[in-house]
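The values are calculated or read from the model by the stated rules, or taken from the named source; none is laboratory data. Just so we're clear, the structure is a prediction, and the values are computed from it rather than from any experiment. Methodologically, a virtual Cβ is constructed for each residue, glycine included, from the backbone with ideal geometry; neighbour enumeration extends over all protein chains shown.
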Amino acid sequence: MRERLTRYVRLMRLDRPIGIFLLMWPMLWALWIAGEGSPDLRVLLVFAAGVVLMRSAGCVINDYADRKFDPHVERTRERPVAAGLVSPGEALLLFAVLCLAAFGLVLLMNRLTILLSFAGVALAALYPFMKRFTHLPQVFLGAAFGWAVPMAFAAQTGAVPKVAWLLFVATVLWATAYDTMYGMVDREDDLKIGVKSTAILFGEADRAIIAAIQVLLMLALLMVGQVASLGGYYYFGLLLAAGLALYQQYLIREREPGACFQAFLNNNWFGAAVFTGIVLDYLVRVPAPR
């Protein structure tokens, strides 16, 4: 039983939590802005647990979808389904259990959040199959990761305002940039087995297009700050994030797989920088006189 549980932990990538962090940051950005620095504790706990469950579910369905591709890629051939340690049927059952657990948490929220959750599950389930039909699976990943943003606003405020959609667009841009860096790690293997990605689509223009996406990302985050009336600490957080984006460009300059993977991982600090700016901005605000 312990060995089987270890295999499930690996299948859900709980031993590699970077995906949890990358999904958690936009949710936290959204909750802090929606709650004006004081999000509801129950909403925060439900969404934090939901992020872990849905990221785990996404990893499981991804490995199920890629079970015939992963054995041919050096980085993924030891994954539990690819290595025959977990059967495809077990993977589907685990995916269903994780989704049901996440839906059980969503039922604690309001009606709008519940309705939005159906689109979230659909995006999470469809994303792994997109790499067979389009060179833009990274955009679908961004939509899946970013869907926590309108859901967080809905849970906190009962509505999805303009700033929520701006933050959703920023998250899609961010995920497209960092997942393209991730795709650059596997580009040679993906070309051999016929898997599509933005890293393949962009080709020799990959660094320039990633840079352009990062510029659009920063512009979207600047617009978020304007619409949400955020102040200096937020923009200082964006300045730090911009510096990290430049560092990521430095890392991918030679397109060396190990360095591209480090650039991908560095996005955890990008998300943290933006969140820190949001938190500090609300902490230092002087309450309006009554």
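Within region 132-154, is even one residue surrounded by fewer than 20 Cβ atoms within 10 Å (Cβ to Cβ), basic (Lys, Arg), closer than 18 Å to residue 278 by Cα and out of contact with any Lys or Arg (no Cβ under 6 Å at 6 or more places or on another chain)? No, region 132-154 has no match at all.
Just so you know, in region 201-217 the residues that are buried (at least 19 other Cβ atoms within 10 Å of the Cβ) and not aromatic (Phe, Trp, Tyr) include one that is nearest to residue 277 (Cα to Cα), and it is 217. When restricted to residues that are aliphatic (A, V, I, L, M), surrounded by fewer than 18 Cβ atoms within 10 Å (Cβ to Cβ) and assigned to a helix (DSSP H, G or I), region 9-35 contains 2.
Looking across region 219-249, the residues that are surrounded by 18 or more Cβ atoms within 10 Å (Cβ to Cβ), part of a helix (DSSP H, G or I) and not aromatic (Phe, Trp, Tyr) come down to 220, 221, 224, 225, 237, 238, 241, 244, 245, 248.
Could you go through region 36-56 and let me know if any residue there is among the aromatic types (Phe, Trp, Tyr), in a helix (DSSP H, G or I), surrounded by 20 or more Cβ atoms within 10 Å (Cβ to Cβ) and in contact with a Leu (Cβ under 8 Å, 6 or more places away or on another chain). Within region 36-56, one or more residues are among the aromatic types (Phe, Trp, Tyr), in a helix (DSSP H, G or I), surrounded by 20 or more Cβ atoms within 10 Å (Cβ to Cβ) and in contact with a Leu (Cβ under 8 Å, 6 or more places away or on another chain). Only one entry of 182, 178 meets the criterion of being closer than 30 Å to residue 45 by Cβ and touching a Cys at 6+ places or on another chain (Cβ under 9 Å), and that entry is 182.
A count restricted to region 172-197 and to residues that are over 18 Å from residue 265 (Cβ atoms) and not in a loop (DSSP other than H, G, I, E, B) stands at 8. Is there a residue being surrounded by 17 or more Cβ atoms within 10 Å (Cβ to Cβ), assigned to a helix (DSSP H, G or I), modelled with pLDDT of 95 or more and in contact with a Phe, Trp or Tyr (Cβ under 6 Å, 6 or more places away or on another chain) anywhere in region 253-260? Within region 253-260, none of the residues are surrounded by 17 or more Cβ atoms within 10 Å (Cβ to Cβ), assigned to a helix (DSSP H, G or I), modelled with pLDDT of 95 or more and in contact with a Phe, Trp or Tyr (Cβ under 6 Å, 6 or more places away or on another chain). From the list 225, 231, 237, the lone residue that is under 24 Å from residue 282 (Cβ atoms) and at pLDDT below 95 is 231.
Would you say residue 148 is more than 13 Å from residue 213 (Cβ to Cβ) and within 11 Å of the chain's Cα centre (by Cα)? It is true that residue 148 is more than 13 Å from residue 213 (Cβ to Cβ) and within 11 Å of the chain's Cα centre (by Cα).
Exactly one residue out of 80, 26 is touching a residue at least 12 places away in the same chain (Cβ under 8 Å) and over 15 Å from the mean Cα position of the chain (by Cα), and it is 80.
For the subset of region 155-180 comprising residues that are within 22 Å of residue 230 (Cα to Cα) and among the small types (Gly, Ala, Ser), which member is surrounded by the most Cβ atoms within 10 Å (Cβ to Cβ)? Residue satisfying both the conditions and the ranking: 155.
Selection of helices (runs of 4 or more DSSP H) fully inside region 92-164 by the criterion of at least 2 residues being in contact (Cβ under 8 Å) with a residue 60 or more places away in the chain and more than 30 Å from residue 10 (Cβ to Cβ) returns 148-157.
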